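The values are calculated or read from the model by the stated rules, or taken from the named source; none is laboratory data. Just so you know, these numbers come straight off a predicted model, no measurement behind them. Neighbour counts are summed over all protein chains in view; Cβ atoms, including those assigned to glycine, are modelled from backbone coordinates with ideal geometry. The accessibility values were calculated without ligands, DNA or RNA, using every heavy atom of the protein model including side chains. Shrake-Rupley method; radii C 1.70, N 1.55, O 1.52, S 1.80 Å.
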Amino acid sequence: MKTKKFVNIINQASQESKPILAEYCQSFFCQLRGLMFRKSLPDNHGLLLVQKTDSKMNASIHMMFMWMDLAVIWINNEHVVVDLVLARRWKLAYIPRAAARYVLETSESHLADYKIGDELQFEFLPQDQYA
């Protein structure tokens with residue numbers, strides 16, 4: 001069984017915003033499942049979908065079978081925010097305006113914490129901190 005990885009995502013441009021603790025989601029099945037069927041997220045938590053390279057199509061998401069709206073932040077390979085949206089539950093698809101390698105899905109309350117052009121820092125946590 002593979003061990004889950006977690007990463008703290010810190011917005012370098014906003015000292016007021018708290019880091020988001022996100023599950024690092026790289027496998028096909030993790031990305032397919034995403035946050036479907038969950039009714040809520042703990043505060044300051046999320047899911048980071050990871051693609052192999054920057055891409056618009058591979059970074060697109062759907063909101064089918066979602067019971068909550070999400071803040072979705074698209075991030076390129078240089079860890080810069082390239083797009084963001086309030087994703088509404090049950091909407092068929094969202095495609096970023098620019099190519100992205102990472103897709104951060106978190107609570108809608110965090111949408112105001114990010115702007116296009118913000119630089120983010122990823123800090124991977126040792127397994128013993130979240131196991």
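Would you mention how many residues in the stretch 99-131 are among the basic types (K, R) and either open to solvent by less than 30 Å² (accessible area, probe 1.4 Å) or part of a loop (DSSP other than H, G, I, E, B) (or both)?
As a first pass, look at the stretch 99-131 and keep what is among the basic types (K, R): 101, 115.
Restricting the remaining residues to those that are either open to solvent by less than 30 Å² (accessible area, probe 1.4 Å) or part of a loop (DSSP other than H, G, I, E, B) (or both) gives 115.
Count: 1.
When the stretch 47-62 is examined, which residues are found to be part of a strand (DSSP E or B) and open to solvent by 40 Å² or more (accessible area, probe 1.4 Å)?
Answer for the stretch 47-62, where residues must be part of a strand (DSSP E or B) and open to solvent by 40 Å² or more (accessible area, probe 1.4 Å): K52, T53, D54.
Select from the stretch 82-108 the residues that are touching a residue at least 60 places away in the same chain (Cβ under 8 Å) and farther than 16 Å from K52 by Cα and write down the one among them that is farthest from the chain's Cα centre (by Cα).
Of the stretch 82-108, the ones touching a residue at least 60 places away in the same chain (Cβ under 8 Å) are 104-107.
With the extra rule that they be farther than 16 Å from K52 by Cα, the set shrinks to 105-107.
Working: E105: 3, T106: 6, S107: 10 Å.
Looking at the filtered set, the residue picked out is S107.
Being under 18 Å from H62 (Cα atoms), open to solvent by 20 Å² or more (accessible area, probe 1.4 Å) and of a type in the set (A, V, I, L, M, F, W, C) is the filter here; which residues of the stretch 15-46 pass it? Steps first, please.
Step one: filter the stretch 15-46 for residues under 18 Å from H62 (Cα atoms), giving 25-41, 46.
Adding the requirement that they be open to solvent by 20 Å² or more (accessible area, probe 1.4 Å) leaves 26-29, 31-33, 36-41.
Answer for the stretch 15-46, where residues must be under 18 Å from H62 (Cα atoms), open to solvent by 20 Å² or more (accessible area, probe 1.4 Å) and of a type in the set (A, V, I, L, M, F, W, C): F28, F29, L32, M36, F37, L41.
How about the stretch 64-98: which of its residues are open to solvent by less than 40 Å² (accessible area, probe 1.4 Å) and assigned to a loop (DSSP other than H, G, I, E, B)?
Correct list: M66, M68, D69, N76, P96, A98.
Being in contact (Cβ under 8 Å) with a residue 60 or more places away in the chain, touching a Lys or Arg at 6+ places or on another chain (Cβ under 9 Å) and either of a type in the set (D, E) or over 27 Å from I116 (Cβ atoms) (or both), is that true of even one residue in the stretch 29-43?
Checked against the condition, which is being in contact (Cβ under 8 Å) with a residue 60 or more places away in the chain, touching a Lys or Arg at 6+ places or on another chain (Cβ under 9 Å) and either of a type in the set (D, E) or over 27 Å from I116 (Cβ atoms) (or both), the stretch 29-43 yields at least one hit.
Name every residue in the stretch 17-39 that is among the aromatic types (F, W, Y) and part of a loop (DSSP other than H, G, I, E, B), in order of residue number.
Correct list: F37 only.
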